[in-house]
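Novice: Dropping a structure here in structure tokens format, bear with me for questions.
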Amino acid sequence: MASFWQNLLWHHGHFLGISWSVWKLLGWGGNLTFSSRFIVQWYATEKSRQVVVPVLFWWLSLLGSLLLLIYAFSKTDSVFIYAYLFPWVPYVRNLIIHYRHQKAHMDCPGCGEKIPPHANFCPQCGARAELAPQNIPK
Ligand SMILES: [Zn+2]
């Protein structure tokens with residue numbers, strides 16, 4: 001049994017059988033970052049019992065794809081470069097929309113909880129939402 005694990009971890013004279021370099025570390029870092037976003041999204045969905053895409057999902061998508069793009073450029077592989085050249089656009093756009101929406105929330109004058117934009121009453125305590133100066137439509 002020890003020989004099975006030893007063979008799995010140390011294969012052909014390399015850890016995991018991979019010929020490690022700085023580029024391999026960067027590429028595997030990108031792989032692990034990019035694939036960890038699925039665990040984050042799955043956990044958030046199971047926790048709230050509805051489909052949820054947490055903001056961490058978009059940060060992991062952006063960072064993972066950026067690392068994989070750098071790795072792809074180091075390999076000068078056009079297929080791999082193209083695969084990670086444009087996905088950052090929706091990741092960044094989703095982050096901008098998320099933070100813009102978060103900023104538009106108001107603080108409840110009753111309980112202090114965040115009130116969604118355009119809500120007239122606090123969903124927590126029912127207090128009437130007062131428009132902060134930056135939220136008053138012009
Ligand atoms: Zn409230």
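No lab work stands behind these numbers, since they all come straight from the coordinates. Remember, predicted model here, so these are calculated numbers, not experimental data. Neighbour counts run over all protein chains shown; Cβ positions are idealised from the backbone, glycine included.
Novice: Quick one: how many lysine pairs does the chain have with C-alpha atoms less than 21 Å apart and a gap of 8 or more or different chains? Give me the count, please.
Specialist: Number of lysine pairs found: 4.
Novice: Residues of the stretch 8-23 with the amide nitrogen closer than 19 Å to a label point 7 Å from the Cα of LYS75, along Cα-to-Cβ, please.
Specialist: Residues 15-23 qualify, since their backbone N sits under 19 Å from the label point.
Novice: Turning to a different aspect of this structure: Between TRP88 and SER35, how high is the FRET efficiency from 1/(1 + (r/R0)^6) when r is the Cβ-Cβ distance and R₀ = 25 Å? Nearest 0.05.
Specialist: For TRP88 and SER35, the calculated efficiency is 0.90.
Novice: Around GLU113, which amide H atoms from residues at least 5 apart in sequence, or from another chain, sit under 5 Å from its own amide H, with H modelled in the peptide plane?
Specialist: CYS108
Novice: I need the phi-derived Karplus couplings for the stretch 100-108: 6.51 cos²θ - 1.76 cosθ + 1.60, θ = phi - 60°, integer Hz, Gly and Pro marked x.
Specialist: My calculation for the stretch 100-108 gives 5, 5, 4, 5, 6, 5, 10, 8, 5 Hz in order.
Novice: Sort all Cα-Cα distances of the chain into consecutive 5 angstrom bins from zero, then give the percent of pairs in each bin up to the one containing the longest distance.
Specialist: 2, 9, 11, 12, 12, 12, 11, 9, 6, 5, 4, 3, 2, 1, 0
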